[in-house]
1. Just one of (1) farther than 15 Å from B:Val14 by Cα; (2) facing another protein chain (nearest Cβ under 10 Å); (3) touching a residue at least 40 places away in the same chain (Cβ under 8 Å); (4) surrounded by 23 or more Cβ atoms within 10 Å (Cβ to Cβ) trips up B:Leu70, so point out which.
2. Working carefully through the options B:Ala205, B:Ala216, B:Ala195, find the one that is free of Cβ contacts under 8 Å to residues at least 12 places away in the same chain, surrounded by 14 or more Cβ atoms within 10 Å (Cβ to Cβ), more than 30 Å from B:Leu92 (Cα to Cα) and away from chain A (no Cβ under 14 Å).
3. The conditions are (1) within 14 Å of chain A (Cβ to nearest Cβ); (2) more than 26 Å from A:Tyr104 (Cα to Cα); (3) of a type outside the set (S, T, N, Q), and B:Arg98 fails exactly one of them. Which is it?
4. I'm trying to understand the selection: among the residues of segment B:18-27, which are within 12 Å of another protein chain (Cβ to nearest Cβ), in contact (Cβ under 8 Å) with a residue 12 or more places away in the chain and not acidic (Asp, Glu)?
5. Give B:Lys86, B:Lys2 a once-over and let me know the one that is surrounded by fewer than 20 Cβ atoms within 10 Å (Cβ to Cβ), within 14 Å of chain A (Cβ to nearest Cβ) and on the phi > 0 side of the Ramachandran plot.
6. Somewhere in segment A:95-104, is a residue within 12 Å of chain B (Cβ to nearest Cβ), crowded, with 22+ Cβ neighbours inside 10 Å, among the aliphatic types (A, V, I, L, M) and farther than 30 Å from B:Arg23 by Cα?
7. So, in segment A:218-263, exactly how many residues are of a type in the set (A, V, I, L, M) and in contact with a strand residue (DSSP E or B) (Cβ under 8 Å, 6 or more places away or on another chain)?
8. For segment A:34-47, check the following and say yes or no: at least one residue is more than 14 Å from every other protein chain (Cβ to nearest Cβ), loosely packed, with under 14 Cβ neighbours inside 10 Å, touching a residue at least 40 places away in the same chain (Cβ under 8 Å) and within 18 Å of A:Val218 (Cα to Cα).
Amino acid sequence: MNSAISVRHLTKDFRIGIRGLKLRAVDDLSLEIPRGQVYGLLGPNGCGKSTTLKVVLGLVSATAGEISILGEPSATSAARRRTGFLPEAPYFHKFLTGRELVRYCAQLSGVAASELDAAVEDALGLAAMNEAAGRPIGTYSKGMLQRIGFAQAVVHDPELIILDEPTAGVDPVGSASIGRMIHAMRDKGKTVVLCSHLLGQVEQVCDRVAIMDRGKLVLEGAVEDVLSRRDRHVMTIESMTPAARAAAEAALEAHGAKITSITHPRRSLEDLFRELVTGSRDA
Amino acid sequence: MKDSLRRTLWISRVTFLEAVRQRFFAFLLVLSAAMVLSSVSLRVFDFGHGELKFIADFGFGGMFFFGSVLAVVMTAQLFFSEIDNKTALTLLAKPLSRPEFLLGKFFGAWAVLGVFVLVLASLQGVVLWAREQELVAAAEQAGRIPTTFSVVGLCQLVLLQWLRLGVVIAIVLAISSLARTFLFTVVVGSLAVVAGQLQWIAQDAFLRPTDSPVYAAFLWVSTRLIPNLQQFNLADALVLGSSVVEEGALISVGFSGLAYLVAYLTLGSLIFRRREI
């Protein structure tokens, strides 16, 4: 009952062509996604991660297996009421304004009329879309579309938020903004499941990850556990002279340790980009 | 139940807004309106049937034809735009059931067709009234009995046409829920409308005795599966009073239309429930 999503032995086959050839998209997948964490579902294109999310959301039926969301069968509307979803490359009715879209989604999600205005403004504020909310969606940039998509996904205050490729096609500034929204959700105690192949970003925002390949789960665990090499250590040293380096090497050797590489620390290109274009938004 | 109706209403509202913004809707509305208005200048070609009848036939003919085209193409377009653009993914991931989604689409499209029929019928009414005034004055001078038209009959016809287009929308939605492409839906939907217009032929054939049980079974299935869309074309009788229409007959046509509408929507919902998006 502590799982936000429980997937047991999920298999999904698609029938293709007139002869109905079987294509197995997900193969006996079992996952337990804990509550209150940011969970990354990773894998190359066509590995079955989007199909898994669609089955979880009841948009596609499972060939075999059982799925529950927050303890309830995933296909029920009760489960969907507690879930928010941002699809990959979201497309919304262009003639609606951002505020109208979020309001429309809040109404469909069952937000009470008395709470509607506050819920819509909260969601727009969280996605930093208040200023552009009065504009038609047709005038939005890609980053703004993702942000308004995020707002519609969280407007009904769901316990579980599922994001399919939330930063695909978004520039690093927009991407960082979406990362902040994800962290804000986790700080509120929500569970966020995101599906991506942008590994750098997943590493920054996720607590746990699962890696899929050809429909199967190949690795699952906490990000720290799966990435750390416990037998290696990194030290960052300031003002190291050749004499200091020789002394350090000798001291370590005396204890049976050995320096295998010494490099200069680098910042990532993404960090540099964000630093240079700080404050610029894609509004 | 209340929540379900509310969700259906929200879907239909957005569907309506989307549809009335389409250029296709505006184009067909203008074309049909032009046809109604042009009937006045073309009345010299009345083939001896009387001017009002010609004006009514020409105008209502445009309404029937373009209304059917609009019902088939627009409904298919509204359905497939949601599927192809993946807005359906966002909506159906919410606590919105698939029958609610389909019903929302239906009522949105039906409301648009309601506007279409109402605008054209109003225009048709004005054209008939204007010509009727001239004909009445001329008949009084000549000492003849003037030809008139019935406003009540026109209102009844508007309701019947709206119901007929509702049946077409329901059929197209049932096809859409099964079909994979917009083109397939439009082609099959159009064929269904043509079959509905010709259904009376199968009905006549069914009433005639036959030795072939297969042929009889085929006719029995056809006459029940395909609605008789001709039964809604009562313009002459209702508007021009060329024959008497009993109230019971009108109610029977209304119930028949509603029964087909509900049956096709139910079928569409059952198919759409299993569709993978």
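The values are calculated or read from the model by the stated rules, or taken from the named source; none is laboratory data. Since the model is a prediction, treat every value here as computed from it, not as a measurement. When we count neighbours, we look across all protein chains shown, and the Cβ atoms used for this are built from the backbone with ideal geometry, even at glycine.
1. It is condition (2) that B:Leu70 fails.
2. After ruling out the rest, the residue left standing is B:Ala216.
3. Failing condition for B:Arg98: (2).
4. B:Ala19, B:Val20, B:Gln22 - these are the residues of segment B:18-27 that are within 12 Å of another protein chain (Cβ to nearest Cβ), in contact (Cβ under 8 Å) with a residue 12 or more places away in the chain and not acidic (Asp, Glu).
5. B:Lys86
6. no
7. Matching residues across segment A:218-263 total 5.
8. Yes - at least one qualifying residue is present in segment A:34-47.
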